[in-house]
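Notes for the one structure printed next.
Bear in mind that the values in this text are calculations on the coordinates, not laboratory data. Please read all numbers here as calculations on a predicted model, not as lab measurements. When we count neighbours, we look across all protein chains shown, and the Cβ atoms used for this are built from the backbone with ideal geometry, even at glycine.
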Amino acid sequence: MTENEILDIFRKHSALLEGHFELSSGLHSDRYIQCALVLQHPEVAGPLCAELAAKLKHVSATVVAAPALGGVIVSYEVARALGVRSLFTERQDGVMTLRRGFSFRPGEPTLVVEDVITTGGSTRETITAVEQAGGKVVGAGSLIDRSGGKAYLGVPRAALVTLDVKTYNPADCPLCKSGFPAVKPGSRPKE
Ligand SMILES: [Zn+2]
């Protein structure tokens, strides 16, 4: 699948919106991504994650890990495609932690995945949690990298689509200047 074919799948499921948006951070952007709308369809999620798995097969991971909640489905489907197990980290008192009895063999080659990489923060936190638990992170992946490939991860990485999504302070948002009001995704447009 090409990047454009993948973006069309996202558009078709309203998982990629183009226009003028107010993000939950308060910043404005011309694009909004909500992977859950694609991942709710197993027949779509499976092939997309298999595509990501194929790009990362060469790192020879024997387990896939992801930050909950956003990464769980991606981890599970990538792991299914690779024929390995899938687990997740979650925040406990604000710190990304491995819970539920999940464990790694010492030095176990681990792939860390997410749905969308924005700054790479949650992937890096997951890498730290995996390594503290004894795993060795050998690669990272996401369906979408909206940092334009700039987020630092420190390991080999792959994404199905790399986008350079610009965000703006409302005070100097060029979209606001055009007079077209920002929409909060997830809320219904006013009648
Ligand atoms: Zn704006």
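With the radius of gyration and the Kirkwood radius both derived from the Cα set of the stretch 30-128, what is their ratio Rg to Rh?
0.96
Nearest 5 is fine: what % of DSSP beta bridges in the stretch 85-191 come out antiparallel, could you say?
Percentage antiparallel, nearest 5: 30.
What length, rounded to one decimal in nm, is gained on full extension from GLN132 through to LYS184, with 0.36 nm per residue of separation minus their alpha-carbon distance? Provide the component values of the computation, followed by the final result.
Details: separation 52, 0.36 × 52 = 18.72 nm, distance 3.79 nm.
Taking GLN132 through LYS184 to full extension adds about 14.9 nm, to one decimal.
How about the stretch 115-191: which trypsin sites (Lys or Arg not before Pro) there are in a DSSP loop, with at most 10 other Cβ atoms within 10 Å of their Cβ?
Here the trypsin sites (Lys or Arg not before Pro) that fit, given the DSSP loop and packing criteria, are LYS190.
Run the numbers on the stretch 130-191 and let me know its relative contact order in percent, using alpha-carbon pairs under 8 Å that are six or more apart. Numbers along the way, then the final one.
Working: 53 pairs, mean separation 14.9, N = 62.
Here the relative contact order equals 24 percent.
Once the Cα atoms of helix 3-12 and of the chain are each reduced to a long axis, what angle between those two axes, in degrees from 0 to 90 to the nearest 10, is obtained?
With both axes taken from Cα atoms, the answer is about 70 degrees.
Using the number of other C-beta atoms within 10 angstrom as an exposure proxy, rank CYS35, CYS176 with the fewest first.
Least crowded to most crowded, the residues run CYS176, CYS35.
How much length is gained on full extension from ARG100 to ALA50, taking 0.36 nm per residue of separation minus their Cα-Cα distance?
Additional length available on full extension: 15.4 nm.
What's the angle, to the nearest 10 degrees (0 to 90), between helix 72-82's Cα axis and the longest principal axis of the chain?
Tilt of helix 72-82: around 50 degrees.
Just to confirm the number: angle between the C-alpha axis of helix 42-56 and the first principal axis of the chain, 0 to 90 degrees, nearest 10?
For 42-56 against the chain, the angle is about 60 degrees.
Picking from SER178, SER29, SER142, which is most flexible by a Gaussian network model of the chain using Cα springs under 10 Å?
SER178
Remind me, relative contact order of the stretch 33-191 in percent, using alpha carbon pairs under 8 angstrom and six or more residues apart?
Normalised by residue count, the contact order of the stretch 33-191 is 19 percent.
Quick one: check the C-alpha center-to-center distance for the stretch 148-176 versus the stretch 64-92, whole angstrom.
Here the answer is 23 Å between Cα centres.
For a quick check, take a GNM of the chain with Cα springs below 10 Å and name the residue from THR97, THR89, THR126 with the largest mean-square fluctuation.
THR97
Tell me, what ³J(HN,Hα) does each residue in the stretch 122-132 have, in order and in whole Hz, if you take phi through Karplus 6.51 cos²θ - 1.76 cosθ + 1.60 with θ = phi - 60° and put x for Gly and Pro?
Each residue of the stretch 122-132 in turn: 6, 5, 4, 5, 5, 4, 4, 4, 5, 6, 5 Hz.
For the chain, list the cysteines whose Cβ sits under 4.7 Å from no other cysteine Cβ?
CYS35, CYS49
Just to be sure I follow the rule: in the stretch 3-177, considering lysines 8 or more places apart or on different chains, how many pairs have Cα atoms under 30 Å apart?
14
Please figure out what share of the DSSP beta bridges in the chain is antiparallel and state it in percent, rounded to the nearest 5.
In the chain, DSSP labels about 35 percent of beta bridges as antiparallel.
Averaged over all directions, how much area does the convex hull of the C-alpha atoms of the stretch 3-177 cover when projected, in nm²?
About 10.3 nm², averaged over all directions.
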